[in-house]
1. How about the stretch 4-94: which trypsin sites (Lys or Arg not before Pro) there are in a DSSP loop, with at most 15 other Cβ atoms within 10 Å of their Cβ?
2. How far is helix 123-137 tilted, in degrees, relative to the longest principal axis of the Cα atoms in the chain, given as a value from 0 to 90 rounded to the nearest 10?
3. By how many degrees, 0 to 90 and rounded to 10, does the Cα axis of helix 76-107 deviate from the longest principal axis of the chain?
4. Once the piece of chain linking LEU37 and GLU76 is laid out straight, how much longer is it, given 0.36 nm per residue of separation minus the C-alpha distance between them?
5. How many angstrom separate the Cα center of the stretch 146-178 from the Cα center of the stretch 74-134?
6. Placing +1 at every Lys and Arg Cβ and -1 at every Asp and Glu Cβ, with all other atoms neutral, what dipole size does the chain have around its Cα centre, in debye to the nearest 20?
7. Would you work out if the stretch 1-60 is rounded, prolate or oblate? Take a ≥ b ≥ c from the square roots of the eigenvalues of the alpha-carbon gyration tensor; rounded if a/c is under 1.5, else prolate when a/b is larger than b/c, oblate otherwise.
8. Restricting attention to the chain, give the cysteines that have no other cysteine Cβ less than 4.7 angstrom from their Cβ.
Amino acid sequence: IAKAGVLAIIRTVFFTVGADVLFGTWVQTALLFLCLLTVLMGSMMAYRDKVFTKRLAYSTVSQISYVLCGLFLFTEAGVEGALLQILFHAIVKVGLFLCCGALIFLYGKTNVDEVHGMGRKMPVTFSCFTLLSLSLIGIPPTGGFISKWYLASASLESSLGVFAWLVPVVLLASALLTAGYLLSISIHAFF
């Protein structure tokens, strides 16, 4: 459902207005700026929140903004990266929500602070949670890395001035924040 808005943007930008009309205009600059701001804000809000499901929901805001950022580069490589991000994010996020749902269903734990030692009670679930988290962060050779690599490469190859290097920097900062709010759960669960 979260990606329905992305499909509406694809239809509006690429089929109604046209990417060639918007490329290099102030509209593209504003859209990219708002995307990068949303990437960082979603990651920071997820880092701050203590409820599992809200943390993953804020994370989705950030990850969907990756998709929009790739689309708003208005390049073929950017669109490829955006579509890969949609695919890999959907797979990973469903898995993360299933892991959290299992923890909530079996033990009634809804807060991140309540996972201490749960890795010993649910080793398979938290092992899956950790592997899925690595993909969402973008650690090689996971799918999350591949999509983020496409997005960063598309940005570096574009002729968008400051955004050519700002997009990869923001993606890296967001990946570090994602590591902070997801791997801390695994660390507290196992150690």
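The values are calculated or read from the model by the stated rules, or taken from the named source; none is laboratory data. Note that the structure is predicted; figures quoted are calculated from it, not measured. So basically every Cβ, Gly included, is an ideal-geometry build from the backbone, and we count neighbours across all protein chains shown. These area figures cover heavy atoms from the full protein model, side chains too; ligands, DNA and RNA do not enter into them. Shrake-Rupley method; radii C 1.70, N 1.55, O 1.52, S 1.80 Å.
1. Details: sites: ARG11, ARG48, LYS50, LYS54, ARG55, LYS93; in loops: LYS50.
Hits after loop and neighbour filter: LYS50.
2. Helix 123-137 sits roughly 20 degrees off the main axis of the chain.
3. Helix 76-107 sits at roughly 20 degrees to that axis.
4. Values: separation 39, 0.36 × 39 = 14.04 nm, distance 2.29 nm.
Once the chain is fully extended between LEU37 and GLU76, it gains 11.7 nm.
5. 23
6. Here the chain has a charge dipole of around 660 debye.
7. oblate
8. Taking the Cβ cut-off of 4.7 Å, the unpaired cysteines of the chain are CYS99, CYS100, CYS128.
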